[in-house]
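*Asks:* Mind looking over this structure? Questions follow.
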Amino acid sequence: MDSRYTPAEIEVKWQQHWTEQNIDKTLTEKNQPKFYALSMFPYPSGNLHMGHVRNYTITDVIARVRRMQGYRVLHPMGWDAFGLPAENAAIDRGVPPAKWTYQNIAQMRSELKRLGLSYDWNQELATCAPNYYKWTQWIFLQFLSAGLAYQKEAAVNWDPIDQTVLANEQVDSEGRSWRSGAKVERKLLRQWFFKITDYAEQLLNDLDKLTGWPDRVKTMQANWIGKSVGAYLEFPVVGSDTKIGVFTTRPDTAYGVTYVVLAPEHPLTLQLTTADQKAAVEAFIQDVSGQSELERVAEDKPKRGIPTGAKAINPFTGAEIPVWIADYVLYEYGTGAVMGVPAHDSRDFKFATQQNLAIQVVIVPNEDSSTTSIAEAYTEAGVLVNSGEFDGMLSTQGKTAIIEYAEKQGIGKARIQYRLRDWLISRQRYWGAPIPVVHCPNCGIVPVPAADLPVVLPEEIDLSGRGPSPLAQLESWVNVPCPSCNTPAKRETDTMDTFIDSSWYFLRFPDATNTEKVFDSDCTNDWMPVDQYVGGIEHAILHLLYSRFVTKVLRDRSLLNFDEPFQKLLTQGMVQGKTYLNPKTERWIPSALVNPNDPKDPETGEPLTVSYKTMSKSKHNGVAPQHVIDKYGADTARMFILFKAPPEKDLEWEETDVEGQFRFLNRVWRLVTEFAQTGKGAILYLRHAALRQAQEPLCAPTQKSFAASSPKSKEDKELRRAIHTAIAEISHDLEGEYQFNTAVSELMKLSNALGDRTDKQSSVYREGIYTLVILLAPFAPHIAEELWHLLGNTGSVHQQTWLQHDPEALVADEITLVIQVLGKTRGTLVVPAQATQTELEDLARESEVAQKFIAGKTIKKVIVVPGKLVNFVIT
């Protein structure tokens, strides 16, 4: 038998066999406990990257172990296939988005299969397929029916040259269009929204239910929701019935309001602007429209503003105060207006100082503090001053008292507000799910009847990247009769945000082929929630928040019987490659052009800085998974990914570490094949070969068939302890907090224990060989399957029962006791494991190790730590 491990031949063989036999098909027996293992599905970009490999390998190990533990497992795969990259590719390459997307899906599917991932491909879905987005549209209609979908004007990124709306990712760091180079403007367009704010309190409170989520992810979501408790206050406009409403978390500073600021986009801005300020205000609004939201709120940017000429009244003091507009106030946040309290807000203080606005101190650290002038805003708690009847009150108490006063006077009320904004779901793009409504001149917005879904995305489309929405230019598609009154009407030409597609795909997987319903509720409720969800930390906020929101809405529509979609969440770290940077030119140098022992710029000879950065094309530090698989095999790639770092930490790619895992698998190969060729192993191997030739069935041995009888010799006891320690430790590492790296370490320890044995014919050694192969199976499925069959078994190793350790095997007969004198280790002594403290002291005292140091000395004290050490304190 060839002693070399040939991964390519083995992997092709077993991948084909698993496909034919459907070995890894989802188990559906209802008498088994369920386990839903899910990775965040990928965008089909064309090729896998190492981040994909890490994500999917982690989930695959979890799924394989759960199957072996007797669970019925759902482990599906699909494609987040709509989105802007496909549309851009169509524009650049002249290829229809659908063709480009499905070519990429086929390529990535083949690469996933090479990794030996145990997906049930019968459940595969793609969000761009009509049989999927039909139900995305149906879900939109559910939101519309529930009053959770609506249209309003909202600011978008507008390219004035191409006359088109741009996504945020199409705007560069200088605020220019990715295609035309034009300075992007902010423009109000009518957009579709989902009312996620109606569920803000539920989304916040139910974070407490997510005990299987990382704390930092829950904190990120809580901060994004941003619950604020405060007051809504109204400032009357002088000479008008209009009132400017603001929300504040600091009602205790109300007496210190010296001006009010509106967002440039606020409906009151032009309404309140005086004639003499109109031209200046309009010019300022035009200027601000060219800034991105990030530019406007950046801390390092000066806060710009201009007076409207209008005056408002501070209802607490009766004083007239100016009304300004400023770039740092955003219409989408809060009420679109803020009250300026420069004495007690750092941003307001900076703005007021720049614009020479009044500053009124109303809170001081204590009653004796001077209030004549301040050099910076005082933002801490303190004592109220210059606050009328509330003077002398603690500011913490003043919040409640002033809110009560405002409610009695009819000038304000207590309010809870959220940072969370309603979800803008419409995109002026082509490659997305069409929004299923018709705009009728008589009936208004009319939903497309469910029986007429899907509203199919037309394939014959002109994609130039310029002008209005591509769908809006296709009159044959746009012009339709109203479903209600049959009057000529127009389809909605916006498509849905791709976050919609990914916010419910996990609900479809359990019933992915259903043509009659979005999903069968009994089926989805049976499998949900997802038991283990695995994906990148970059999706910690939006994707997870939207998924939670959609789940709750569909629950309230009586489709689901659970509150949260993902029971446990694992956010894996990034894969980082060695990266070379010329610090003078700030140019990234491809690693293939650099001598790693003397890293210099190949063109200039200048020294390069070396660091590990997340793999990316721009940094030239990526490693193609196919290159690794071709050279070392898929199992090696899997083992390295799992062993190099804990799953939640970033992983530094090193070729030498990959080679180390390849050597380990070769060592396992030699151990098992040598056993299979000699002694009792050869009998099984020859029997298996004969039965293969005769095509007769051979039942796979059960755990009992290879478990060793009670070992007698010291060597057998030590080996059996190593075997069952591996079972116990690996099982522990694959529960709760997944520690795949230490699990792989335990596999290495077991292989070393087996390799150190000279007697390779004992029943204990045989148990160790079988145990090693079974424990290896979830990590390196191809080589484990091959070795399982070389040992004389049929059936799949992946259908074996996961091993349980024998507690008695872990009990040691002897232990190594450390001998210390005055706290310094002087040697060790092998002693009976069950020795008492007195016996340990006597054995240590009489040992040669201790006698060298304590003979003739006075022993003042003896410290015995059972099972660990004996320390002699001498004069």
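*Asks:* Check TYR119, TYR132 and return the single one that is outside the structural domain of LYS631 (by TED's automatic domain parsing) and either of a type in the set (Lys, Arg) or assigned to a loop (DSSP other than H, G, I, E, B) (or both).
*Replies:* TYR119
*Asks:* Still on this model: Looking at segment 757-777, can you tell me whether even one residue there is of a type in the set (Ser, Thr, Tyr), in a helix (DSSP H, G or I), at negative phi and surrounded by fewer than 18 Cβ atoms within 10 Å (Cβ to Cβ)?
*Replies:* The answer is yes, given that some residue of segment 757-777 is of a type in the set (Ser, Thr, Tyr), in a helix (DSSP H, G or I), at negative phi and surrounded by fewer than 18 Cβ atoms within 10 Å (Cβ to Cβ).
*Asks:* Moving on. Does THR725 fit the bill of being at pLDDT below 90, more than 30 Å from TYR119 (Cβ to Cβ), among the hydroxyl-bearing types (Ser, Thr, Tyr) and touching a helix residue (DSSP H, G or I) at 6+ places or on another chain (Cβ under 9 Å)?
*Replies:* The answer is no for THR725.
*Asks:* Next question, about the same structure. Could you check segment 726-744 and list, in sequence order, the residues that are within 28 Å of the chain's Cα centre (by Cα), assigned to a helix (DSSP H, G or I) and either closer than 17 Å to HIS805 by Cβ or outside the structural domain of HIS805 (by TED's automatic domain parsing) (or both)?
*Replies:* Correct list: GLU729, ILE730, SER731, HIS732, ASP733, THR742, ALA743.
*Asks:* State which residue is farthest from the chain's Cα centre (by Cα) when the search covers only segment 217-232 and only residues that are touching a residue at least 12 places away in the same chain (Cβ under 8 Å) and within 13 Å of LEU544 (Cβ to Cβ).
*Replies:* ILE225
*Asks:* Here's a follow-up. Residues in segment 533-541: is at least one closer than 14 Å to ALA37 by Cα, touching a residue at least 24 places away in the same chain (Cβ under 8 Å) and not hydrophobic (A, V, I, L, M, F, W, C)?
*Replies:* Yes, some residue in segment 533-541 is closer than 14 Å to ALA37 by Cα, touching a residue at least 24 places away in the same chain (Cβ under 8 Å) and not hydrophobic (A, V, I, L, M, F, W, C).
*Asks:* Related question: Is segment 394-413 home to any residue that is more than 43 Å from the chain's Cα centre (by Cα), closer than 20 Å to VAL246 by Cα and among the aromatic types (Phe, Trp, Tyr)?
*Replies:* Yes, because at least one residue in segment 394-413 is more than 43 Å from the chain's Cα centre (by Cα), closer than 20 Å to VAL246 by Cα and among the aromatic types (Phe, Trp, Tyr).
*Asks:* Are any residues in segment 402-458 in contact with a strand residue (DSSP E or B) (Cβ under 9 Å, 6 or more places away or on another chain), small (Gly, Ala, Ser) and surrounded by fewer than 18 Cβ atoms within 10 Å (Cβ to Cβ), and if so, which ones?
*Replies:* Selection gives GLY410, ALA414.
*Asks:* A further question on this structure: Select from segment 238-253 the residues that are surrounded by fewer than 20 Cβ atoms within 10 Å (Cβ to Cβ) and touching a helix residue (DSSP H, G or I) at 6+ places or on another chain (Cβ under 7 Å) and list them in ascending order.
*Replies:* Correct list: THR242 only.
*Asks:* Could you please find all residues in segment 279-321 being among the hydroxyl-bearing types (Ser, Thr, Tyr) and either in contact with a Gly (Cβ under 9 Å, 6 or more places away or on another chain) or closer than 19 Å to ASP348 by Cβ (or both)?
*Replies:* Within segment 279-321, SER292, THR308, THR317 qualify.
*Asks:* Would you check if there is a residue in segment 115-127 being more than 30 Å from GLU785 (Cα to Cα) and crowded, with 19+ Cβ neighbours inside 10 Å?
*Replies:* Yes, that holds for at least one residue.
*Asks:* State which residue is nearest to ALA812 (Cα to Cα) when the search covers only segment 842-864 and only residues that are touching a Phe, Trp or Tyr at 6+ places or on another chain (Cβ under 9 Å) and assigned to a helix (DSSP H, G or I).
*Replies:* ALA844
*Asks:* Within segment 545-648, considering only strands (runs of 3 or more DSSP E) that don't extend past its boundaries, which have at least 1 residues that are surrounded by fewer than 20 Cβ atoms within 10 Å (Cβ to Cβ) and of a type in the set (Phe, Trp, Tyr)?
*Replies:* Answer list for segment 545-648: 587-589, 609-614.
*Asks:* Could I ask something else about it? State which residue pairs qualify: first residue under 13 Å from PRO441 (Cα atoms) and inside segment 467-494, second residue of a type in the set (Asp, Glu) and not in a loop (DSSP other than H, G, I, E, B) in any location, beta carbons under 8 Å apart, and separation of 6 or more residues or different chains.
*Replies:* Final answer for the pair search is PRO483/ASP452.
*Asks:* Moving to a separate point now. Need at least 1 residues that are over 23 Å from LYS152 (Cβ atoms) and in the same structural domain as LEU330 (by TED's automatic domain parsing) per element, so show me which strands (runs of 3 or more DSSP E) inside segment 185-280 make the cut, counting only ones lying wholly within it.
*Replies:* Ranges flagged: 227-236, 243-248, 259-262.
*Asks:* Quick one: which strands (runs of 3 or more DSSP E) sit completely within segment 407-479 and have at least 2 residues that are assigned by TED's automatic domain parsing to the domain that holds PHE235?
*Replies:* Here the list reads 412-418.
*Asks:* Kindly provide the set of residues from segment 392-429 that are acidic (Asp, Glu) and at pLDDT 95 or above, ordered by number.
*Replies:* Across segment 392-429, the qualifying residues are GLU404, GLU407.
*Asks:* With out of contact with any Leu (no Cβ under 8 Å at 6 or more places or on another chain) and surrounded by 19 or more Cβ atoms within 10 Å (Cβ to Cβ) as the only criterion, which of ALA231, ALA263 stands out?
*Replies:* ALA231
*Asks:* Does segment 788-801 include one or more residues that are farther than 29 Å from TRP14 by Cα and within 39 Å of the chain's Cα centre (by Cα)?
*Replies:* no
*Asks:* Something else now. Can you tell me which residues in segment 766-809 are small (Gly, Ala, Ser) and farther than 16 Å from ARG670 by Cβ?
*Replies:* Within segment 766-809, ALA777, GLY792, GLY795, SER796, ALA809 meet the criteria.
*Asks:* State the number of residues belonging to segment 817-841 that are surrounded by 15 or more Cβ atoms within 10 Å (Cβ to Cβ), part of a strand (DSSP E or B) and either on the phi < 0 side of the Ramachandran plot or touching a residue at least 60 places away in the same chain (Cβ under 8 Å) (or both).
*Replies:* Result for segment 817-841: 8.
*Asks:* Okay, moving on. Being in the same structural domain as SER745 (by TED's automatic domain parsing), closer than 14 Å to TRP18 by Cα and in contact with a Gly (Cβ under 8 Å, 6 or more places away or on another chain), is that true of even one residue in segment 775-782?
*Replies:* yes
*Asks:* Could you check, for segment 126-146, whether at least one of its residues is under 21 Å from GLY51 (Cα atoms) and touching a helix residue (DSSP H, G or I) at 6+ places or on another chain (Cβ under 7 Å)?
*Replies:* yes
*Asks:* Being hydroxyl-bearing (Ser, Thr, Tyr) and more than 23 Å from VAL65 (Cα to Cα) is the filter here; which residues of segment 514-544 pass it?
*Replies:* Within segment 514-544, THR515, SER521 qualify.
The values are calculated or read from the model by the stated rules, or taken from the named source; none is laboratory data. Note that the coordinates shown come from a computational prediction; the quantities given were computed from them, not determined experimentally. Because the Cβ atoms are built from the backbone with ideal geometry, glycine has one as well, and the counts that use them run over all protein chains shown.
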